[in-house]
Amino acid sequence: MERRRIEDYAPIGDIQTAAMICRDGSMDWLCAPRFDSEAFFASLLGTEEHGFWRLGPAPAAAAGGGAPYADRRRYLGESQILVSEWDAPRGTVRVLDFMPPREGRAPQVIRIVECVSGEVEVASVLSARFGYGQHTPWIHEDGGRTALVSGPDSLWLDTPARVKSRERAGVITSRFTVAAGQRYAFALSWQPSHNGAPEVADAEAALAATEEFWRTWTAQCTYQGPYREAVVRALITLNAMTFAPTGGIVAALTTSLPEEIGGVRNWDYCYTWLRDVAISFSAMLRTGYRDEAVAWRKWLLRAVGGRQESLQIMYGLAGERTLTERVLEWLPGYEGSVPVRVGNGAAGQLQLDVPGEVIETLFVAHQQGVARCESTAALHLRLVDYVAQHWRKPDDGIWEVRGGRRHFTHSQIMCWVAVDRTVRLVEDGVLDADLDMLSALREEIHAEVCAKGYDPVRNTFVQSYGAPELDASLLLLPRTGFLPPDDPRVIGTVDAIQRELGTADGLVHRYPTAGRGEGVDGLPGNEGAFILCCFWLVDALALTGRLTEAKSLFERLLELRSDLGHLAEEYDPVAQRQLGNAPQAFSLIGLIESAALLDELEHNVAPVIAA
């Protein structure tokens, strides 16, 4: 059996949670009812003992049978309906996997098996393990349906195919033959166990409704540039990472996929970072999605609350503040990469770039004509007041290092952005604040960054004051408007990052790691090239007049996507594989923003940046 790479997994979702399905038809990750709920299919981070549901040609689909990878797979049009096809000895079989938008119903996964030609024997093996792979459910029949119950959770399997349950083993199997034109549907619904049986799914009606939902949503996209297919797929995936009831968006759909195979850099990204969600919806705004921006603004007001002093860098999907980090000792990790973590201890960090990211998105929303909101204006002023009080402090930085606080140059630049955008809105009459005080603060921050964050000998800005290391976040200099793109210090910084953080094939690492020791991030080991930073390099090259080089790098980055257009957090240029949690919002945002920028520059349209 082939080794399952991160890019072999495809997401399907209902804009409240999502499943990850491998090329062999095995659903190896699913939490319900929310992205951050406990998984009951967790073999992605362990073995089949930790829960999976495989559907495909028999006998390979039997437990432990070494299932073959699909010969072809795609999404149905511009949707999240996954289509996988296998060519068997006597025919071809197709499986359609999707999660219909709930509209008040229980969360459901629907899998439709269809014989395309000939005759194919198919097998389904469902082995749910609740509590991230710990607990085997009680399996029983109830009114012709198969129920799997464990504590507060229950799953209900509905299918016309004959099923056989092995309660002691906790496995439900089905084996049947489909002939050309025949279709069999499997529907798995989650329900609180005390609520009884959920509604039986109408699989065909749900398929039609799901396809229409995505068709209607993607029709709103205003980007019509040369990379539209890649941009639309990235937007679809970002939308599928949004928790519809609140407007929050998760940083990724998974936890603990490693930044280094066998290493310890394994984190839980099933939460909502202010930074990530702000720039996600900035990207959506620039491509026509205003409703999502308004929903994010409401989420922001609820999450941050009334006191800027209690600002966190991340929250739960509904704005929860307690995200206690713990290790799941029983899971052996993806390819032996431990620890497997849930929760995230970085929630308590100080990251001074975050208010700048939020204020920048509010500024872009104003530029894009989103109506002014008094409550948001009040929050904006509280955030800039927070910056005024805290900007001189050392912080943990954009990369959430665990090696001690520093005066990170990027954090200080984003403090400048927070004040600069506020000044502009005050000048436009959108906000009411002390313009003289803000203008003086803007100049003070700018002068300090130029004096302390810049190395004149090497002609480059550095990661933190007084330190020699570089940081790829400084590639954002021309995007922020902190200095003009043609300033020699900006060009020198871009060149230095390419030289010192670049890989042989033109990608970039986000900062130097210390190998087996511990560097600025306080962690042992290394990591891959950071995909978002590679897109930032595209932007920096384009804005500093190297458009041909920027386009070449952008197209190289498109080649790193999976066959379905997805990107994880990082890429290993030596092993040529994706690393880190997936799909990663940061990476998808970078793709969208770079595609839009290249299109604007190609057509001599003023780019949407603060020049």
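The values are calculated or read from the model by the stated rules, or taken from the named source; none is laboratory data. Predicted, not measured: the structure shown is a model, and the values here were computed from it. Note that we place each Cβ from the backbone using ideal geometry, even for glycine, and neighbour counts take in every protein chain shown.
When you go through (1) modelled with pLDDT of 95 or more; (2) in a loop (DSSP other than H, G, I, E, B); (3) out of contact with any helix residue (DSSP H, G or I) (no Cβ under 8 Å at 6 or more places or on another chain) one by one for residue 527, which number turns out not to apply?
Going through (1) modelled with pLDDT of 95 or more; (2) in a loop (DSSP other than H, G, I, E, B); (3) out of contact with any helix residue (DSSP H, G or I) (no Cβ under 8 Å at 6 or more places or on another chain) one by one, residue 527 breaks only (1).
What are the residues in region 396-405 that are more than 24 Å from the chain's Cα centre (by Cα) and surrounded by 18 or more Cβ atoms within 10 Å (Cβ to Cβ), if any?
Answer for region 396-405, where residues must be more than 24 Å from the chain's Cα centre (by Cα) and surrounded by 18 or more Cβ atoms within 10 Å (Cβ to Cβ): there is none.
Could you check region 177-196 and list, in sequence order, the residues that are surrounded by fewer than 18 Cβ atoms within 10 Å (Cβ to Cβ) and in contact with a strand residue (DSSP E or B) (Cβ under 6 Å, 6 or more places away or on another chain)?
Correct list: 177, 179, 180, 182, 183, 193.
Do any residues in region 348-374 that are more than 14 Å from residue 277 (Cβ to Cβ) have Cβ atoms under 7 Å from those of residues that are aromatic (Phe, Trp, Tyr), where the two are at least six apart or on different chains, and which pairs are they?
352/391
For region 461-494, which positions are assigned to a helix (DSSP H, G or I), of a type in the set (D, E, K, R) and under 29 Å from the mean Cα position of the chain (by Cα)?
Passing the criteria: only 479.
Return yes when residue 469 is surrounded by fewer than 18 Cβ atoms within 10 Å (Cβ to Cβ), out of contact with any strand residue (DSSP E or B) (no Cβ under 7 Å at 6 or more places or on another chain), among the acidic types (Asp, Glu) and under 18 Å from residue 401 (Cβ atoms) and no when it is not.
yes
Name the residues in region 154-176 that are within 22 Å of residue 132 (Cβ to Cβ) and in contact with a strand residue (DSSP E or B) (Cβ under 7 Å, 6 or more places away or on another chain), would you?
Residues satisfying the conditions are 154, 155, 156, 157, 167, 170, 171, 172.
Could you check region 130-140 and list, in sequence order, the residues that are touching a residue at least 24 places away in the same chain (Cβ under 8 Å) and over 17 Å from residue 108 (Cα atoms)?
Scanning region 130-140 gives 131, 132, 133, 134, 136, 137, 138, 139, 140.
When you go through 297, 275, 302, 265 one by one, which is the residue that is in the same structural domain as residue 571 (by TED's automatic domain parsing) and not in a helix (DSSP H, G or I)?
265
From 230, 187, which residue is in a strand (DSSP E or B), of a type in the set (A, V, I, L, M) and touching a helix residue (DSSP H, G or I) at 6+ places or on another chain (Cβ under 8 Å)?
From the options 230, 187, the qualifying one is 187.
Can you find a residue that is more than 16 Å from residue 31 (Cα to Cα), at pLDDT 95 or above and of a type outside the set (S, T, N, Q) anywhere in region 99-109?
For region 99-109, residues more than 16 Å from residue 31 (Cα to Cα), at pLDDT 95 or above and of a type outside the set (S, T, N, Q): absent.
Give me the pairs: first residue in region 186-202 and closer than 21 Å to residue 96 by Cα, second residue aromatic (Phe, Trp, Tyr), beta-carbon distance under 9 Å, and six or more apart or on different chains, which are they?
Listed by first residue and then by second, the contacts come to 186/53; 187/156; 188/53; 188/156; 189/156; 190/40; 190/156; 200/156.
Please identify the pairs in which a residue from region 223-239 that is surrounded by 20 or more Cβ atoms within 10 Å (Cβ to Cβ) has its Cβ atom under 7 Å from the Cβ atom of a residue that is aromatic (Phe, Trp, Tyr), counting only partners at least 6 apart or on another chain.
Hits for this filter: 231/223; 236/214; 239/217.
Tally the residues that are under 23 Å from residue 451 (Cβ atoms) and without any contact (Cβ under 8 Å) to a residue 24 or more places away in the chain, restricting the search to region 395-429.
1
Here's the yes/no breakdown for (1) in a strand (DSSP E or B); (2) in the same structural domain as residue 319 (by TED's automatic domain parsing); (3) more than 21 Å from the chain's Cα centre (by Cα):
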site: 11; (1), (2), (3): yes, no, no
site: 19; (1), (2), (3): yes, no, no
site: 33; (1), (2), (3): no, no, no
site: 37; (1), (2), (3): no, no, no
site: 67; (1), (2), (3): no, no, yes
site: 83; (1), (2), (3): yes, no, yes
site: 96; (1), (2), (3): yes, no, yes
site: 100; (1), (2), (3): no, no, no
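Quick check on region 44-53. Is at least one of its residues modelled with pLDDT of 95 or more, assigned to a loop (DSSP other than H, G, I, E, B) and hydroxyl-bearing (Ser, Thr, Tyr)?
Yes: one or more hits.
Which condition breaks for residue 432 when tested against (1) of a type in the set (D, E, K, R); (2) surrounded by fewer than 14 Cβ atoms within 10 Å (Cβ to Cβ); (3) under 27 Å from residue 453 (Cα atoms)?
Answer for residue 432: the failing condition is (3).
Going by the structure shown, is residue 484 in the same structural domain as residue 396 (by TED's automatic domain parsing) and without any contact (Cβ under 8 Å) to a residue 12 or more places away in the chain?
no
Is there any pair linking a residue in region 266-294 that is under 23 Å from residue 380 (Cβ atoms) to one that is hydroxyl-bearing (Ser, Thr, Tyr) and assigned to a helix (DSSP H, G or I), with Cβ under 7 Å and at least six apart or on different chains, and which?
Cβ pairs passing all conditions: 278/361; 279/361; 281/361; 282/361.
Report yes if residue 252 is in the same structural domain as residue 573 (by TED's automatic domain parsing), over 27 Å from residue 334 (Cα atoms), among the small types (Gly, Ala, Ser) and surrounded by 24 or more Cβ atoms within 10 Å (Cβ to Cβ), otherwise no.
In short, no.
Assuming residue 505 fulfils every condition listed in (1) within 29 Å of the chain's Cα centre (by Cα); (2) within 25 Å of residue 278 (Cβ to Cβ); (3) not aliphatic (A, V, I, L, M) apart from one, which condition is it?
Against the list (1) within 29 Å of the chain's Cα centre (by Cα); (2) within 25 Å of residue 278 (Cβ to Cβ); (3) not aliphatic (A, V, I, L, M), residue 505 comes up short only on (2).
Would you please name the residue that is farthest from the chain's Cα centre (by Cα), looking only at residues in region 144-178 that are among the hydroxyl-bearing types (Ser, Thr, Tyr) and under 20 Å from residue 122 (Cα atoms)?
Step by step, filter region 144-178, then rank; the result is 177.
Here's the yes/no breakdown for (1) over 21 Å from residue 279 (Cα atoms); (2) in contact with a Ser or Thr (Cβ under 8 Å, 6 or more places away or on another chain); (3) buried (at least 21 other Cβ atoms within 10 Å of the Cβ):
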position: 294; (1), (2), (3): no, no, no
position: 299; (1), (2), (3): no, yes, yes
position: 302; (1), (2), (3): no, yes, no
position: 313; (1), (2), (3): no, no, yes
position: 318; (1), (2), (3): no, yes, no
position: 322; (1), (2), (3): yes, no, no
position: 326; (1), (2), (3): yes, no, no
position: 332; (1), (2), (3): yes, yes, no
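If only one of 109, 120 is under 15 Å from residue 182 (Cα atoms), touching a Ser or Thr at 6+ places or on another chain (Cβ under 9 Å) and among the β-branched types (Val, Ile, Thr), which one is it?
Of the residues listed, the single one that is under 15 Å from residue 182 (Cα atoms), touching a Ser or Thr at 6+ places or on another chain (Cβ under 9 Å) and among the β-branched types (Val, Ile, Thr) is 120.
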